[in-house]
2 protein chains.
Amino acid sequence: MNVTIIGSGAIGMLLSYYFVEKGQTITLVVRRDEQLKQLQNEGLQITRYDQTHHNVKVKTMTFDHFMSSNALIDLAVIAVKAYDWPTVDKSLQKRMSTIKSILFLQNGMEHISYLSQYTCSEVAVGVVEHGAKRLNDFTVVHTGASAIKWGYVKYGEQKIMRTILEEIASLHFEEVSNWYEALMRKTVVNVCINPLTALFQVENGELLANEHLTTIMKHLFDEVVEVFELIDHFKVWSYVTNICERTKYNQSSMYVDLQQGRKSEIEAIVGSVQRMGKEKGINTPYLNMMFDAIKAMEWQKGVR
Amino acid sequence: MNVTIIGSGAIGMLLSYYFVEKGQTITLVVRRDEQLKQLQNEGLQITRYDQTHHNVKVKTMTFDHFMSSNALIDLAVIAVKAYDWPTVDKSLQKRMSTIKSILFLQNGMEHISYLSQYTCSEVAVGVVEHGAKRLNDFTVVHTGASAIKWGYVKYGEQKIMRTILEEIASLHFEEVSNWYEALMRKTVVNVCINPLTALFQVENGELLANEHLTTIMKHLFDEVVEVFELIDHFKVWSYVTNICERTKYNQSSMYVDLQQGRKSEIEAIVGSVQRMGKEKGINTPYLNMMFDAIKAMEWQKGVR
């Protein structure tokens, strides 16, 4: 099977390692030449949640190279950041005839409305619940083991993706029928945890330890569940606080992004909910303020 | 004239210096023995906005000593932080018969409703627009020259306070007829500038330089002018942004308080507006969030 992973951040590197460990031949598509060289020279390094350290060889390719190739791909996993997805999307359309199945792993809800444009035989959406942190261009830390929930948006008879993903047991690919709800729940978690931990520069657990942060988190939660029209508030709130508790010593991806001077995913995560709220005529002052707070931090850090 | 200044933070020290400079005999009432000793040993030191440095002798007294004395006081200036005012208030009532006039200089709107309880002949409220920063127990920096707007809440025929204050020209005591409006305007400024600069750890000017902070500031502004039922929004917004601009290299008192691990005045400044909003049935989500954000920071810094 020919698996291509597009995007070499924390999630892209994490997936690459577990596919290679399982004996799959994968290609990791990176954007920058420098990272390509680093990955080729140093190998892909990972510190797993069991504290063991591993170094594997991974076939790498630049995005330009990938675009000019005609190789047939059984599964393309799109693991780029949500804000890079529109760029990747345009290019992917040109290679559509050579791709059998595509799995999208973006945060937020932005990419959903474009999925129908993908004409390949299988299209799926996944939600990564693992904790992963990119240390440098060739090293990732698997900070917390969990699952990847995914579901078919469109599928043919072959079920290529299901066959491939079922093999990667260590990542706990869990097929769900309601991928849209899984995505919404992940977005609720991201809205509640990411901007607050980034703004206050705290680990996830602090949101429950500091009652004033819990108060703000609850207001954000109330707005997002209203926009999503989720009914089982109590259950979803438990889901959010459980994740906070389980990942209490973790830094959220948004916290790490801002710390490292990178663009955050605030537009995909909070922006997408704001837009949905606006369309439904629902006021979201807490989301609006958090959006501007993170944009203000990006501005402070020179990410403009 | 016997002038007593109660409270020896930035404002208390600033006032003490300018009264002494004018040849007034004043008593500065401090809370902590340690500060009393420091002021006695080192003198009261000030760096003025013209960059000159001065060191003057000031008569100091502990609050307990002040309370047990019976000396007749012509003017008592209450320069304690808003959150210390309730404690001072209780004690002051016991010395009321020996005080001819009292001037209150607190931030926020909390103290207003209690003013009618003061039975001395003259009661006034003032708004300090000077920039002042406490460096240590005996040093203050006059970071920006402006004015102190004040007005009589109650007065007799003698006008003792007016006579005393008119002499301290360097502090530009400016008597206004509508002290309540002056206090409201100062509160609008404090609500717009203090919590945001404290949360993002920026100097005042950054609120205009970073458009995302300006957006948040404008939302806070909209809520506070709605609560105060101010009509001339455009004029008040200009007033706020002018102060931001004039004090662009200054750190707000709330920023400094949190930086130095002290309790902030968030309850007096934002809390008082929240309560007024609640009484009037006006929603104030931005104020609520800012309130919790600053309380969260106090918690982080161990000020609980």
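The values are calculated or read from the model by the stated rules, or taken from the named source; none is laboratory data. Please read all numbers here as calculations on a predicted model, not as lab measurements. Cβ atoms come from the backbone with ideal geometry, glycine included; neighbour counts cover every protein chain shown.
Has the range B:191-201 got any residue that is within 14 Å of another protein chain (Cβ to nearest Cβ), over 24 Å from residue B:84 (Cβ atoms), touching a Cys at 6+ places or on another chain (Cβ under 9 Å) and surrounded by fewer than 21 Cβ atoms within 10 Å (Cβ to Cβ)? No.
Restricting attention to the range A:204-213, does a residue exist that is among the polar types (S, T, N, Q), within 13 Å of chain B (Cβ to nearest Cβ) and free of Cβ contacts under 8 Å to residues at least 12 places away in the same chain?
Checking the range A:204-213: at least one residue is among the polar types (S, T, N, Q), within 13 Å of chain B (Cβ to nearest Cβ) and free of Cβ contacts under 8 Å to residues at least 12 places away in the same chain.
Across the range B:214-228, what is the total count of residues that are within 12 Å of chain A (Cβ to nearest Cβ) and either of a type in the set (Phe, Trp, Tyr) or not in a helix (DSSP H, G or I) (or both)?
Number of matching residues: 0.
Looking only at the range A:253-271, decide whether some residue is touching a Ser or Thr at 6+ places or on another chain (Cβ under 6 Å) and surrounded by fewer than 23 Cβ atoms within 10 Å (Cβ to Cβ). No: zero hits. Selection over the range A:155-168 of residues that are in a helix (DSSP H, G or I) and either surrounded by fewer than 20 Cβ atoms within 10 Å (Cβ to Cβ) or within 15 Å of the chain's Cα centre (by Cα) (or both) gives a count of 5.
Looking across the range B:259-286, the residues that are more than 10 Å from chain A (Cβ to nearest Cβ), touching a residue at least 40 places away in the same chain (Cβ under 8 Å) and assigned to a helix (DSSP H, G or I) come down to B:259, B:266, B:267, B:268, B:269, B:270, B:271, B:272, B:273, B:276, B:277.
One residue alone among B:57, B:22 is modelled with pLDDT of 95 or more, closer than 27 Å to residue B:135 by Cβ, charged (D, E, K, R) and assigned by TED's automatic domain parsing to the domain that holds residue B:171, and that residue is B:57.
Yes/no matrix, rows are residues, columns are (1) part of a strand (DSSP E or B); (2) β-branched (Val, Ile, Thr):
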{"residue": "B:116", "(1), (2)": "no, no"}
{"residue": "B:140", "(1), (2)": "yes, yes"}
{"residue": "B:153", "(1), (2)": "yes, yes"}
{"residue": "B:170", "(1), (2)": "no, no"}
{"residue": "B:177", "(1), (2)": "no, no"}
{"residue": "B:187", "(1), (2)": "no, yes"}
{"residue": "B:191", "(1), (2)": "no, yes"}
{"residue": "B:196", "(1), (2)": "no, no"}
{"residue": "B:203", "(1), (2)": "no, no"}
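Could you say whether any residue in the range A:86-103 is closer than 20 Å to residue A:182 by Cβ, among the aliphatic types (A, V, I, L, M) and not assigned by TED's automatic domain parsing to the domain that holds residue A:203? Checked against the condition, which is being closer than 20 Å to residue A:182 by Cβ, among the aliphatic types (A, V, I, L, M) and not assigned by TED's automatic domain parsing to the domain that holds residue A:203, the range A:86-103 yields at least one hit. Residues that are closer than 18 Å to residue B:163 by Cα number at least 1 in the following helices (runs of 4 or more DSSP H) confined to the range B:1-106: B:10-21. Per the conditions (1) modelled with pLDDT under 95; (2) among the aliphatic types (A, V, I, L, M); (3) closer than 28 Å to residue B:255 by Cβ, the sole criterion not satisfied by residue B:231 is (3).
Quick grid of which residues meet (1) among the hydroxyl-bearing types (Ser, Thr, Tyr); (2) over 30 Å from residue A:117 (Cα atoms); (3) at pLDDT below 95:
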| residue | (1), (2), (3) |
| --- | --- |
| A:134 | no, yes, yes |
| A:140 | no, yes, no |
| A:148 | no, no, no |
| A:151 | no, no, no |
| A:158 | no, no, yes |
| A:168 | no, no, yes |
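Could you please give the count of residues in the range B:132-150 that are in contact with a Phe, Trp or Tyr (Cβ under 8 Å, 6 or more places away or on another chain) and either on the phi > 0 side of the Ramachandran plot or buried (at least 20 other Cβ atoms within 10 Å of the Cβ) (or both)? So the count comes out to 5. Once the range B:1-40 is narrowed to residues that are in contact with a Phe, Trp or Tyr (Cβ under 8 Å, 6 or more places away or on another chain) and within 19 Å of residue B:98 (Cβ to Cβ), the residue that is surrounded by the fewest Cβ atoms within 10 Å (Cβ to Cβ) is B:27.
On the basis of being in the same structural domain as residue B:150 (by TED's automatic domain parsing) and surrounded by fewer than 22 Cβ atoms within 10 Å (Cβ to Cβ), does residue B:106 make the cut? Here the answer is no, as residue B:106 does not meet what is asked.
Among the candidates A:106, A:93, A:45, A:40, which residue alone is farther than 20 Å from residue A:130 by Cα and at pLDDT 90 or above? One residue alone meets the criteria, A:40. From the list A:235, A:280, A:248, the one residue that fits, being surrounded by fewer than 24 Cβ atoms within 10 Å (Cβ to Cβ), basic (Lys, Arg), farther than 22 Å from residue B:288 by Cβ and within 20 Å of the chain's Cα centre (by Cα), is A:248.
With respect to residue A:122, determine if the residue is surrounded by fewer than 18 Cβ atoms within 10 Å (Cβ to Cβ), away from chain B (no Cβ under 14 Å) and not aromatic (Phe, Trp, Tyr). In short, no. Within the option set B:297, B:289, being without any contact (Cβ under 8 Å) to a residue 12 or more places away in the chain and either surrounded by 17 or more Cβ atoms within 10 Å (Cβ to Cβ) or within 14 Å of chain A (Cβ to nearest Cβ) (or both) holds for one residue only, B:289.
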